[in-house]
Amino acid sequence: MDLGLKGKRAIVLGVANKRSIAWAIAQALATEGVQLALTYQERMEESVRQLAEPLDNPMVLPCDVQRDDEVASVFRTIGDAWGALDIVVHSLAFAPREALDGDFLDTKREAFSMALDISAYSLVHVAREAAPLLEKAGGGSIITMTYLGSERAMPGYNVMGVAKAALEASVRYLAASLGPRGIRVNAISPGPMQTLAARGISGFTDMYKHAREVSALRRTNDPDEIGALAAFLASHHARGTTGEVHYMDCGYRFLGI
Ligand code: 0WE
């Protein structure tokens with residue numbers, strides 16, 4: 001299926017290393033002939049620049065989503081270079097470690113606020129900054145990543161579940177706000193995957209093993225298939241879907257037991 005993405009322009013936020021979902025999506029888009037801008041968090045600069053090397057000359061820009069000036073500067077740079085933008089991929093989240101390790105009941109205001117700011121508010125902020133450029137392209141597609149912990153209480157996911165619930169609600173409100181300008185907003189919800197963000201979390205390994213054993217397909221997600229769904233959602237083929245959470249979890253959520 002030709003996705004018709006050749007020559008489109010995308011920004012991908014959240015590449016940390018070769019295991020990042022953001023990286024799988026960046027590669028899927030690059031394969032379709034999309035021009036890329038990748039953003040990194042300060043301490044990831046080296047690994048992101050290295051990853052970017054084999055790609056066709058992507059822009060590589062710093063972006064800490066907690067800094068308004070950096071977010072503004074990223075979209076100014078893209079506007080200056082490309083004049084317009086077609087695709088935004090938001091693939092980042094953070095909650096303080098102790099909030100994931102402990103009992104949800106003990107979640108502190110500071111941890112709660114940080115998780116919501118970085119993991120959910122950042123989408124609203126990025127969407128607002130990107131909207132004029134997406135509009136200049138005649139419309140566009142914004143894609144973010146979520147997880148089932150938004151609607152079910154998963155052991156150890158804790159405040160991240162609250163943040164993902166806020167993120168999914170933000171997808172719907174952004175879709176309603178931006179729809180009249182031809183901008184679609186969707187979330188992808190994979191099953192547990194072995195990324196930097198997941199490794200070393202105490203509850204994660206059990207969750208990962210469980211998903212492999214009980215999901216209808218008896219496996220967990222390949223990063224590639226998440227890239228493929230993102231490329232589809234970015235394309236004209238998905239022009240009629242917005243405001244949705246698209247589950248690609250190897251058949252886990254629909255099961256009764
Ligand atoms: O959204 C996530 C994880 C996001 C995440 C990871 C970390 C690790 C290091 C957010 N903040 C932090 N903060 C850190 O200090 N996932 C969907 C992956 C994940 O995490 C889990 C999972 C799954 C799946 C935690 C417990 C149970 C399942």
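The values are calculated or read from the model by the stated rules, or taken from the named source; none is laboratory data. Keep in mind that this is a model prediction, so the values were computed, not measured. Every residue, glycine among them, receives a Cβ derived from its backbone with ideal geometry; neighbour counts consider all protein chains shown. Areas reflect the complete protein model, heavy atoms only, side chains present, ligands, DNA and RNA absent. Shrake-Rupley method; radii C 1.70, N 1.55, O 1.52, S 1.80 Å.
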>> Using only the Cα atoms of the stretch 141-191, what are the Rg and Dmax in Å?
In response: 12.0, 40
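Treating the beta-carbon of each Lys and Arg as +1 and of each Asp and Glu as -1, no other charges, what is the dipole magnitude of the stretch 71-146 about its Cα centre, to the nearest 20 debye? The partial results should precede the final answer.
Working: 6 positive and 10 negative charges, 50 e Å.
Result for the stretch 71-146 is approximately 240 debye, rounded to the nearest 20.
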> If you plug each phi of the stretch 130-139 into the Karplus form 6.51 cos²θ - 1.76 cosθ + 1.60 with θ = phi - 60°, what whole-Hz ³J(HN,Hα) values come out, in order, with x for Gly and Pro?
Replying inline: 7, 3, x, 6, 5, 5, 4, 7, x, x
> In the chain, carbon and sulfur make up what percent of the accessible area (probe 1.4 Å)?
Replying inline: 51 percent
> Taking a spot 7 Å from the Cα of Q194 along the direction of its beta carbon, which residues of the stretch 1-44 have an amide N less than 12 Å from it?
Replying inline: 19
> How high is the relative contact order of the chain, given as a whole-number percent (alpha carbon pairs under 8 Å, six or more residues apart)?
Replying inline: 20 percent
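How long are the three semi-axes of the equivalent ellipsoid for the chain, computed from the Cα gyration tensor as the root of 5 times each eigenvalue, in whole Å, largest first?
28, 20, 18
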>> I'd like the accessible area for D103: 1.4 Å probe, protein heavy atoms, all chains in place, Å² to the nearest 10.
In response: 90 Å²
> Which whole-number value in Å² is the accessible area per residue of the chain, probe 1.4 Å?
Replying inline: 48 Å²
> If amide H atoms are built 1.01 Å from N in the plane of the peptide, which residues on other chains or at least 5 residues away come under 5 Å of the amide H of I188?
Replying inline: T144, M145, T146, H246
> What order do L178, L116, L196 take when sorted by accessible area (1.4 Å probe), most exposed first?
Replying inline: L196, L116, L178
> In units of 2.2 N^0.38 Å, what is the alpha-carbon radius of gyration of the stretch 81-154?
Replying inline: 1.41
>> What distance in nm separates the two pseudo spin-label positions at A176 and E225, each 7 Å out from Cα along the beta-carbon direction?
In response: 3.3 nm
> Mean projection of the alpha-carbon convex hull of the stretch 124-233 over all orientations, in nm²?
Replying inline: 7.7 nm²
> Contour minus end-to-end for K136 and K18, with contour as 0.36 nm per residue of separation and end-to-end as the Cα-Cα distance?
Replying inline: 39.3 nm
> Between the DSSP loop rule and a limit of at most 15 other Cβ atoms within 10 Å, which trypsin sites (Lys or Arg not before Pro) in the stretch 114-169 are left?
Replying inline: R152
> Roughly speaking, what is the stretch gain from Q66 to R49, that is 0.36 nm per residue apart minus the C-alpha to C-alpha distance, in nm to one decimal?
Replying inline: 4.0 nm
> What is the helix-to-structure angle for 159-178, meaning the angle in degrees between its Cα long axis and the longest Cα principal axis of the chain, kept from 0 to 90 and rounded to the nearest 10?
Replying inline: 30 degrees
> Hey, if you put +1 on the Cβ of every Lys and Arg and -1 on every Asp and Glu Cβ in the chain, which of I142, G79, M248 ends up farthest toward the positive end of that dipole?
Replying inline: M248
>> If each DSSP helix of 4+ residues adds -39,500 (n - 2.57) and the sum is divided by the residues in the chain, what number results at 222 nm, nearest 500 deg cm²/dmol?
In response: -12500 deg cm²/dmol
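Within the stretch 204-257, list the chymotrypsin sites (Phe, Trp or Tyr not before Pro) lying in a DSSP loop whose Cβ has at most 16 other Cβ atoms in a 10 Å radius.
Sparse-neighbourhood loop chymotrypsin sites (Phe, Trp or Tyr not before Pro): F254.
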>> Can you work out the Karplus-derived ³J(HN,Hα) for every residue in the stretch 207-223? Use 6.51 cos²θ - 1.76 cosθ + 1.60 with θ = phi - 60°, whole Hz, and x for glycine or proline.
In response: 4, 5, 5, 4, 4, 5, 7, 10, 4, 3, 8, 6, 7, 10, 6, 7, x
> Could you give the dipole magnitude of the chain about its Cα centre, charging the beta-carbon of Lys and Arg +1 and that of Asp and Glu -1, in debye to the nearest 20?
Replying inline: 500 debye
> Separation of the stretch 194-220 and the stretch 75-154 by C-alpha centroid, Å?
Replying inline: 23 Å
